[in-house]
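The values are calculated or read from the model by the stated rules, or taken from the named source; none is laboratory data. Quick caveat: nothing in here was measured; it's all calculated off a predicted structure. Here the Cβ is made from the backbone with ideal geometry for all residues, glycine too, and neighbour counts use every protein chain on show.
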Amino acid sequence: MSSACAENALVQKRSTTQRRSRYGCRNCKLRKLKCDESRPHCKKCRAFGIACNFVFNIPDLQPITAETGMTVRGKAELQRPVASAVWTADQSTFYQLNTKCQDFLTRYYGSSLLSPGDPNMMHVNRRLLQLAFAYPYLMHASLAVALTYDRHLNTSVGSRRSLDECYHWYQSTALLNRRFRERPINAEDKDPLWGTLAALAVLAFSSPEACTPEESWPFTLSDQTDALDWVCLSKGKMALWHVVNPLRPDSVFRVMAPTFAQMNTPLPQRGANGIPRAVAALCLLHEASTATDNPYFEAAHAVAQILDLPDTRLTTGPVQLFIRSIHGVFEDRLRTRDPVALVLLYLWYRKAGRSIWWIELRARVECPSICLYLQRYHKGDAAVQAFLLDGVFAERWS
């Protein structure tokens, strides 16, 4: 059977076996899982430790306490508050920080997690910590990122999000959406809003649904609406740039202007200068190539700018250039698993994942998955195979 036929057969098989339940609970829909529809508690919710919510009076992702395993009037029983609890509140909601949460926050705001060692980010963190106590959506987003970072430190392979991560992520998103609906954005809201949007973008990227390469995109031929969901959220965040304007004079993020400048560095308009010869040949780039006539032009230039940088000098600024290049025809080719587009993403994962922790979490599963997919379905393409494990260029940018 040819590779194309094998791929089509796999698509047809998975389209029938992985179809989601139409009448499943809301929790399974939020977690993008197939619900078994067993009542009153489906197996996925019972295993995850949350109250199943076929009915509307039970909140989404509501934890069930370990002590009782029961919910009361649609809400989980609250644990006894600790003596050192701290409260965070705005005009509409509050959240009680226990000692565990305080510990995570201390590590989060004290370590400059998004850009380790960046003194500008340390300044930003101190201010965001103050704001988090007045804006619960920022507090929940911060806790979710801190918990995700802890998972990064304590797991060596892919691992699913914890219940705490899901809870704080969901709460932040729900509160943020409500905030956007309720009233216009005031000047004092802009910094906490941008901080929350940045945290949610990191969460979306660093939390793939799969734990193993065989379960991960692109090897699993899932619905295209699920693939590259982190690209959509990143674009959504940048769509609010002009509303929030992180570089305005009174913004706490103004000290990050050099990083933002790197993220928006203009790419060459023509040619293949600076792109490794092997990468240029793979992408069919030459001295007359432009973004108009070659779909890989911008992505290849973006990847080339980080490939030969020492890992210690690789920061979020140049890394984000590649994310910025995912649009138009190149994005379409990624979504349809074009082999050349996948190689560019593979090279970016291998390089960026060694320096940026939230990229590494996704790269742990998607990088091997891309390799496995290309080896299985494009094994006859020597130019593609040269960049994968055991290929002639495998060690050059490892």
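Out of 287, 298, report the one residue that is over 28 Å from residue 125 (Cα atoms) and buried (at least 16 other Cβ atoms within 10 Å of the Cβ).
Details: 287 fails: buried (at least 16 other Cβ atoms within 10 Å of the Cβ).
Result of the check over 287, 298: 298.
Condition check ((1) polar (S, T, N, Q); (2) surrounded by fewer than 18 Cβ atoms within 10 Å (Cβ to Cβ)) across all residues:
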position: 170; (1), (2): no, no
position: 179; (1), (2): no, no
position: 182; (1), (2): no, yes
position: 186; (1), (2): yes, yes
position: 199; (1), (2): no, no
Original post:
When region 341-395 is examined, which residues are found to be free of Cβ contacts under 8 Å to residues at least 12 places away in the same chain and not acidic (Asp, Glu)?
Top reply: 382, 385, 391, 392, 394
**OP:** Output the qualifying pairs, or none if there are none: Cβ atoms under 7 angstrom, residues six or more apart or on different chains, first residue in region 173-194 and under 14 Å from residue 253 (Cα atoms), second residue of a type in the set (Val, Ile, Thr).
**Re:** 190/244; 191/252; 193/185; 193/244; 194/244
Original post:
Since residue 332 meets every condition but one in (1) crowded, with 19+ Cβ neighbours inside 10 Å; (2) of a type outside the set (Lys, Arg); (3) modelled with pLDDT of 90 or more, which condition does it not meet?
Top reply: (1)
